[in-house]
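Bear in mind these aren't lab numbers, they're just calculated from the coordinates by the rules spelled out. No experiment lies behind these values; they were computed from the predicted model shown. We place every Cβ from the backbone using ideal geometry, glycine too, and count neighbours over all the protein chains shown.
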Amino acid sequence: MTQTVEFRRIVVGLPYRVPPHAVRLAAELARLLHLDVQGLFVEEESLRGLAALPFAREFHPLGGGWRPLDVERLSRDMEIARSSAEKVFAEAAKTLDTACRFEVVRGSIAQTLATISGSGDIVLITEPETEAERITAQFRAAVDAAIRSLAAVLLVPARIARHSGAIVAVATGPGDPSIEVAKALARAANTEVIVVGRYETGAEGPPAQTGAAGKAAGIRQLGSALGNVRERLIVVTRSEQNPPTMLASLRRVPVLILEPVRGDEEGRSSGN
Amino acid sequence: MTQLRPLTAEQLYRPADITKLSFKTTAELDPVDGLLGQQRAERAIKFGVGIEKAGFNLFVIGPPDARMQDAVKAVLAHEARARPTPSDWVYVNNFENKDKPIAIELPAGRAREFANAMHELIDDLRAALPAMFQSEDYQTRRGAIDETFQKKQAEAFSALREKAAAQNVVIVRTPFGFALAPAENDQVVPPEQFHAWPEAKRKQVQEVIESLERELEHIVRQIPQWERERRDEIRKLNRETAKFAVDQQIEETKAEFADLPKVITHIEKVRADIIENVAAFVMKGEEEPGEPSEERGNPFDRYEVNVLVEGDGRAAGAPVVEELHPTLGNLIGHIDYVSLRGVLVTNFRLIKPGAMHRANGGYLLLDARSVLSEPFSWTALKRTLRQGEIKIEDVSRFLGLTSTVSLEPDTIPLKIKVVLFCDRLLYFLLAAFDPEVEQHFKVLADFENDLERTPGNEELLASFIAAIARREGLRPFDREAVGLVLEHAARLADHAGKLTLLAEKLRDVLTEADFWAADGKHSTVSRADVQRALDARVERASRLRDRVQESILQEVALIDTTGAKVGQINGLSVSEVGGFAFGRPTRITCQVRPGAGRVVDIEREVELGGPIHSKGVLILSGFLAGRYALDVPMSLYASLVFEQSYGGVEGDSASSAELYALMSALAEVPLRQDLAVTGSVNQHGEIQAIGGVNEKIEGFFDICKARGLTGSQGVLIPKANVQHLMLRRDVVDACAEGKFAIYAVSTINEGITLLTGIEAGVRGTDGAYPEGSINRRVEDRLRAFANIRRNFGRAPEASVSGEQA
């Protein structure tokens, strides 16, 4: 039995640095699937608190060096970042003629995503460009919140390899919802679907390789299995144990991670 | 009185002796092409072609209708076949400096081979390299490098994060950077909570954060170095991978050109560049979408070969190139530009050859007038010949029209023979004003306008006619038709004893005769067809002539053709409009009175007379002064005028007529109006040859004929012009029937005797002219004028007003 998933909205959690390609991708996807796009710019309260501490300072990798972090400067920087994000968002929405809403929220990105997103949503998370960003509390919290939510997650690599090609569904079986979602996307994008079968072991690696190393090896095997396929997007259903978050950076294409269908959630998924 | 006899009909027209033409139609003749009757020019051309030294280029001059180019091309084509086929030339990219493309010389026919080989090489590599870089082996090695780098970073940052977490500190993102903050359960501690902590704890956390900040900074500052290491590793891997794929293909290509060191050198540079820039081959399709550019859109163009000149497909031997539009670019080549986002860009592939490239190693034919009328071309031609190499220059840069980056391609050695064509006047002017002409064009080939009319040459011209007929696809001409063409050739030469070499004019007549033959459904062109063509040509062009004659016949323009008048004579002039010449009579009158020895040319006074005409009139004064009343001062005032002439008058062919009119006025003896006169005169009274004698005679004949030939009418021509007579058939017939007459005159005395019917007279032993003779009357009148003038101041009551001495 094939499972289907219906989406209503793409939520773009806009961090301070807004990659235009990610926003554009969200708008494109929304247009193809007739979804709304909601941009969330989160002004983190915890940063304001930190700025209130007398010793607080921030490091500017490009500006070279440390400078005091005070509330006034932080407010100004946030305003600049918000304005920039809104502009990028508006331009993408205008170019692709998509229904978009831009919202500024105070709080934490994790709490906001957890609160606002639900089934029928796709939460877009952009892979950080640097490892420094990856270890920040906000990124980790945002990914955790998105993965924990009932929403699907669209992981966008820092740099997208291509904007055309097939839609790949990585399926654990014929009823995997990734197949139907991939088909719907392919129909809308007028491209082909490639279904890649995936042996579900409970972990993403062979039985002998479990743990972090095992996960990494499993994802890499999946990447290798795709070989010379020139895909534009991968749709995969999250396994219970771990999300295939590495796949996006490995293949350098967006990966749409669907929530697994649970028995008590038949209301938001339908079979055929 | 000695009676001057008219010329016989045989003297008026020399028919072709068709009995000497041993063919029925020109189809039987072997066509002769090239340099007919141009032995002098032919020797010059062969000398110019044969001599290999610098500067011995050819300047071919002659009449515009001589079709010199065709003739020279025929000679050069023959010479060129015996010469080696010149090398091919290509331009390739200069990988060290792309603004200075490299020229490579290849044996004839190998340029295209080289270009194709390079194109195939790149095509093959475009297929092979991506496959190589997508191979599992490469991807694994590449992934390992990336992973190592990322791992290095990730480990450093993870260690920092873990170290921070262990000390209750988190790393947070700020809008434009990073910060470290005190934390509990991975959450930033609010300030009120932090301030509630004991001071020792606060201080400790603060110290921890300061320490971690230093570590964060240290890691961040290491990233560029790690990134550099990663890039180096990847570059090294890419080089190794590319080299593996490229080497075999390159070696195969090199093997094809092992005998050409410059090509091998270039291929080696291509190898190095491909290995260094292999990303261009691999990244296609993986790039972010963007606007195509010369560099990004066609990264493989730089490996292509721009074949500038190639021998493939052209006949063996040296090239013979004629450039009809010798602009600077067409002559020495040019560099094209393409617009890219509003900016003009170029590259070595946009270098275009000029005529000098195509003719290099052979012959370049140029029309000098065209070269001179194109900006910069003449200078560029001389400069190129002086330097012995072709340097492509962008003229728009000289003029400041473009400020974009251009190319400085390698120069190409020049070994060429340039042949310039022009008419004589232009050549003489150019040679006079440009000393470099002599330096670069040392060989002059001067084409004759005509050749002697011997039976042999008539036969030769018949073969030439056959050649034209064959080349132009005309019907064969029968012998009689050829005879008439030969006679027309003599008429075109303005000489009964010569044949014109103006091939273009002959071709026109032949073509038109062929048309009329077709119109008459004749399989061969007959004499009647040729005559029809000649008549039709005259008829088409003669509107102006007919109007002039009409005005005379309607007595709007006053010309008498009967009777006799004092001081009035029929002169003859020729007008040429659009290549058609016709003669017309003009009334010349003269008035005399005592004066200061001045003969006034009214045409000159009103600036309608040209300098040669004025010279002719001044000669009259010299004649009078040298012949009459040598013992008294010249006391004549005479005025001469071309009546009803409202345009300019040039030439001295009417000077004898003017002198007759002057003598008539002085002698007070009437001149015959049924005669017309042409011929110039010198100070000794000798009649000299003039031009257009046939047209002049025919012009007066037409008027007389229209009014009715009386049998006394005729024309006085210089004796020296008898050889030029090739008169129209009707004129010759009228003369043969005694209805019209042509008189050949060699002196003024002969002419005045004929015109007045009174002997001119020669001085006797007493030094005096015979009583009653024209000369005596003239001299007596001049003495009388001298007396009047001498007595003018002494007897006021007898003086005449007006003329001031």
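Before moving on, here are some points about what is shown:
- Efficiency of FRET between B:Val606 and B:Val632 - r from beta-carbon atoms, R0 30 angstrom, step 0.05: 0.45
- Of B:Lys262/B:Lys382; B:Lys73/B:Lys415; B:Lys705/B:Lys739; B:Lys20/B:Lys505; B:Lys20/B:Lys521; B:Lys565/B:Lys696, those spanning more than 20 Å from alpha-carbon to alpha-carbon: B:Lys262/B:Lys382; B:Lys20/B:Lys505; B:Lys20/B:Lys521; B:Lys565/B:Lys696
- Ranking of A:Asp121, B:Asp137, B:Asp766 by count of other Cβ atoms within 10 Å, fewest first: B:Asp766, B:Asp137, A:Asp121
- Simple label model, 7 Å out from Cα along Cβ direction - A:Ala158 to B:Ala316, nm: 6.7
- Förster-model FRET efficiency, 45 Å R0, B:Ser22 and B:Gln387, C-beta, rounded to 0.05: 0.25
- 222 nm mean residue ellipticity, helices alone, for chain B (DSSP H n ≥ 4; -39,500 (n - 2.57); rounded to 500): -15000 deg cm²/dmol
- Distance between the pseudo-spin-label points of B:Ala154 and B:Thr265 (7 Å out from Cα toward the beta carbon): 5.1 nm.
- Over chain B: Rg over Rh, Cα atoms, Kirkwood Rh: 1.30
- With a Förster radius of 45 Å applied to the C-beta separation of B:Ser542 and B:Arg81, the computed FRET efficiency comes to 0.45.
- Pairwise centroid distance, computed over Cα atoms, of region B:634-684 with region B:157-211, Å: 127
- Euclidean distance between Cα centres, region A:131-183 to region B:540-600, Å: 108
- Peptide-level mean, for A:43-51, of C-beta atoms on other protein chains within 10 Å: 6
- Helix B:693-707 and the long axis of chain B differ in direction by around 60°, with both axes built from C-alpha atoms.
- Peptide B:193-204 has a mean of 1 when you count, residue by residue, the C-beta atoms of other protein chains within 10 Å of its C-beta.
- Taking the C-alpha atoms only, the angle from helix B:527-541 to the longest principal axis of chain B is near 80 degrees.
- Legend: mean number of C-beta atoms from other chains within 10 angstrom of residue C-beta atoms, peptide A:125-133, equals 4.
- Each label point was placed 7 Å from the Cα along the Cα-to-Cβ direction; for B:Val345 and A:Arg67 their separation is 3.7 nm.
- In terms of surrounding Cβ atoms within a 10 Å radius of their Cβ, B:Glu771, B:Glu698, A:Glu6 rank from fewest to most as B:Glu771, A:Glu6, B:Glu698.
- Evaluated on region A:73-171, the Kirkwood hydrodynamic radius is 15.6 Å, with distances taken between all distinct Cα atoms.
- Degrees between helix B:611-627 axis and first principal axis of chain B (Cα, 0 to 90, nearest 10): 30
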